[in-house]
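In what follows, a structure is listed as structure tokens, so that the remarks can point back to it.
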Amino acid sequence: MNESTQKKLLEVLRENQRPRATTGRSVATIGIRISPGGYFALAAVLTFVAVILLRMHQDLAALILVTATWVLTPILVATDRLYFDGETLTRSGLVPLLSRVFGARRAELSIRDIESIDVGTVRTLRRGGSVRYRYSVEVAGRGQVFGFASGGKKFRQMVHALLPLVADQKLDARASELRDYLCDSKELNQQVARLEIATDAVLSAMDDRARSHLEKRAATAPMSTAKDEERAKSLAHAANRLRVAGRLRESGEAFRRALHLAPRDPWLLYQYGRLLRSQASAFGNAHLLSRACAALKLSSLRGAQEARLLERVGESFFEFGQRGRATKTLRRALDLDRHSFRASTALAEIGLSEGKLAHVIHHYRDAASVAPDAASARMARREADYYARLNDDDDYLSAELRRMNWLEGAGRIQQFSARVSFAALFVALAGSFLDQIVAGVGWAVATSSIIGWSGCLLLRKILARRRGIESAGSA
């Protein structure tokens with residue numbers, strides 16, 4: 001390490017040790033591990049390289065490589081963490097530290113600079129009427145993206161500390177649901193027992209019959225009393241918590257009882273539509289998706305004067321693939337509230353899906369003009385400028401189309417290479433006991449596939465960044 005590099009490292013270490021200014025909030029610093037998928041993927045590739053070296057009789061090099069890989073990987077995973085002190089998100093660890101040494105800016109993002117929080121879900125296990133969800137949260141702002149995934153108490157602490165401090169227009173539907181309904185299983189079980197909601201085992205035989213006439217009762221039932229509405233709110237709260245926890249059948253039973261008590265509540269109908277969409281996806285039932293759309297439509301009719309509800313309903317219609325209904329609902333939200341930032345950005349996304357660049361530019365510029373804070377305005381202006389340049393500059397449009405085509409092609413090749421590499425590794429291992437020629441072919445194909453997978457991964461990292469816009473937008 002030369003003298004200049006040593007000086008940079010000392011400066012970084014001093015800044016990390018320097019006490020940070022606080023805003024007077026008594027919020028304990030919360031830390032959560034960054035998703036380790038990237039580290040493990042790199043470790044797997046390096047391990048495969050060590051196996052190839054071993055086959056080439058480079059025993060010492062293979063031993064050094066595999067030892068260094070599996071000694072450093074746990075250290076990198078353990079030290080790469082995301083911290084939140086009530087005001088700023090900060091990423092710490094060896095990788096961010098080395099990045100700063102070589103000139104990268106500090107990996108931190110203030111609450112006021114957050115532009116969006118999006119949540120993705122992956123079903124990892126299904127058992128009866130329940131599924132296990134893995135949530136991945138992405139926090140974006142000023143050209144930086146921080147991500148963390150569900151898995152235990154630290155995730156709940158981070159969600160409960162961070163999301164309530166972010167304005168609602170920056171949260172997608174899943175993020176707002178995590179903010180309001182994520183809880184630990186013990187607390188949820190107590191609430192379920194208190195409300196006497198039947199368990200999944202009890203519901204498995206009678207669930208379809210119990211809900212077969214739900215929409216008819218919701219449409220024709222009389223007005224509910226204040227006591228019924230209070231119990232309906234408790235049931236709805238439990239139902240949403242159950243859905244976030246993946247206990248879909250029990251959630252459906254709680255919603256059924258809540259809707260029987262308060263059938264005209266538009267928010268309850270919207271949340272029930274979201275549940276039906278989750279069930280349709282988990283159980284592969286297209287009929288449930290049509291019921292979900294019907295529940296959303298009824299919600300928009302019941303809450304025809306609530307702009308915030310119509311925003312969420314319109315976004316859900318778009319998520320369900322109903323672009324026409326989504327556009328109509330979002331325009332109604334804008335008629336009620338001309339300053340609806342989410343409605344404008346959602347209409348821009350619909351316009352993009354339909355290839356209408358002029359509509360995209362118009363709606364993003366409208367969103368920038370009504371944005372409630374500087375971060376939201378910055379995001380909307382950046383998107384408007386990007387699509388305006390696409391619309392006005394044919395050369396830039398051609399270059400971006402090539403970039404997106406290459407990006408899409410690299411993604412397909414990467415997926416294909418991953419499948420081929422697994423199959424070739426199986427052939428290589430099996431061939432070692434049958435025929436060395438077969439084993440050699442398997443190792444050759446596996447090597448080529450992994451090289452292709454790694455190259456496509458690197459290419460996607462390079463191509464993911466827009467040309468000529470991002471740097472200006474994050475200034």
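The values are calculated or read from the model by the stated rules, or taken from the named source; none is laboratory data. Everything numeric in this text was worked out from a predicted model, so none of it was measured. Cβ atoms come from the backbone with ideal geometry, glycine included; neighbour counts cover every protein chain shown. When the accessible area is computed, the model is the full protein with side chains, heavy atoms only, and any ligands, DNA or RNA have been set aside. Shrake-Rupley method; radii C 1.70, N 1.55, O 1.52, S 1.80 Å.
Scan region 320-428 for GluC sites (Glu not before Pro) in coil per DSSP, keeping those whose Cβ has at most 13 other Cβ atoms within 10 Å, and list them by number.
Numbers: sites: GLU349, GLU354, GLU383, GLU400, GLU408; in loops: GLU354.
Answer in residue order: GLU354.
Residue by residue through region 303-320, what is 3J(HN,Hα) from phi via Karplus (6.51 cos²θ - 1.76 cosθ + 1.60, θ = phi - 60°)? Round to whole Hz and write x for glycine and proline.
Once rounded to whole Hz, the list reads x, 5, 10, 10, 5, 5, 5, 5, 4, 5, 5, x, 4, 5, 4, 5, 4, 7.
About its Cα centre, how strong a charge dipole does the chain have in debye, to the nearest 20, once Lys and Arg get +1 and Asp and Glu get -1 at the Cβ?
So the dipole magnitude of the chain works out to roughly 740 debye.
Give me the percent of DSSP beta bridges within the chain that run antiparallel, rounded to the nearest 5. Write down the numbers at each step before the final one.
Numbers: 28 of 29 bridges.
Of the beta bridges lying entirely in the chain, close to 95 percent run antiparallel.
Determine the order of LYS227, LYS356, LYS233 by accessible area, beginning with the largest, at a probe radius of 1.4 Å. Mind showing how you got there, number by number?
Details: LYS227 165, LYS356 90, LYS233 130 Å².
Largest accessible area first, the list is LYS227, LYS233, LYS356.
In whole Hz, what ³J(HN,Hα) sequence does region 141-153 give by Karplus (6.51, -1.76, 1.60; θ = phi - 60°), x for Gly and Pro?
x, 6, x, 10, 10, 10, x, 8, 10, 5, x, x, 5
For helix 37-55, what angle does its Cα long axis make with the longest principal axis of the chain, in degrees from 0 to 90 and rounded to 10?
30
Using the Karplus curve 6.51 cos²θ - 1.76 cosθ + 1.60 with θ = phi - 60°, what ³J(HN,Hα) values do you get for each residue of region 372-377, in whole Hz, with x for Gly and Pro?
The phi angles translate into x, 8, 5, 5, 5, 5 Hz.
With every protein chain in place, what's the accessible area of GLU196 (1.4 Å probe, Å², nearest 10)?
Roughly 140 Å² of GLU196 is accessible to a 1.4 Å probe.
Under a 5 Å amide H to amide H cut-off, with H placed in plane at 1.01 Å, what residues pair with SER116 once short-range neighbours are removed?
The list, which skips near neighbours in sequence, is ALA140.
Calculated FRET efficiency, ARG331 and GLN305, Cβ-Cβ r, R0 22 Å, to nearest 0.05?
Values: r = 15 Å, r/R0 = 0.67.
The pair ARG331/GLN305 has a calculated efficiency of 0.90.
Once the Cα atoms of helix 185-195 and of the chain are each reduced to a long axis, what angle between those two axes, in degrees from 0 to 90 to the nearest 10, is obtained?
The angle comes out at about 10 degrees.
Against the longest alpha carbon principal axis of the chain, how many degrees, from 0 to 90 and to the nearest 10, is the axis of helix 59-79 turned?
Relative to the chain, helix 59-79 is tipped by roughly 30 degrees.
Take ARG194, ARG277, ARG55 and sort them by solvent-accessible surface of the protein heavy atoms, 1.4 Å probe, largest at the top. Before the final figure, lay out each step's value.
Working: ARG194 165, ARG277 65, ARG55 115 Å².
I get ARG194, ARG55, ARG277, largest accessible area first.
What number comes out for accessible area per residue over the chain if the probe is 1.4 Å? Units Å², please. Please report the intermediate quantities before stating the final value.
On the way: 25120 Å² over 475 residues.
Here the residues of the chain average 53 Å² of exposed surface.
When the accessible area of the chain is split by element with a 1.4 Å probe, what percent falls to carbon and sulfur? Numbers along the way, then the final one.
On the way: 14250 of 25120 Å².
Carbon and sulfur atoms account for 57 percent of the accessible area of the chain.
With the dipole of the chain worked out from charges on the C-beta (+1 for Lys and Arg, -1 for Asp and Glu) around the Cα centre, which of TYR133, LEU242, SER316 lies farthest toward the positive end?
Working it through, the farthest residue towards the positive pole turns out to be LEU242.
What order do PHE102, PHE320 take when sorted by accessible area (1.4 Å probe), most exposed first? Provide the component values of the computation, followed by the final result.
Details: PHE102 160, PHE320 20 Å².
Ranked from most to least accessible, the order is PHE102, PHE320.
What is the distance, in nm, between label points placed 7 Å from the Cα along the Cα-to-Cβ direction at HIS287 and at TYR83?
Going from the HIS287 label point to the TYR83 one covers 5.5 nm.
Tell me the accessible surface of SER281 in square angstrom (1.4 angstrom probe, heavy atoms of protein chains only), to the nearest ten.
Approximately 50 Å² for this residue.
How much length is gained on full extension from MET56 to GLU230, taking 0.36 nm per residue of separation minus their Cα-Cα distance? Working shown, then result.
On the way: separation 174, 0.36 × 174 = 62.64 nm, distance 7.23 nm.
55.4 nm is the gain from fully extending MET56 to GLU230.
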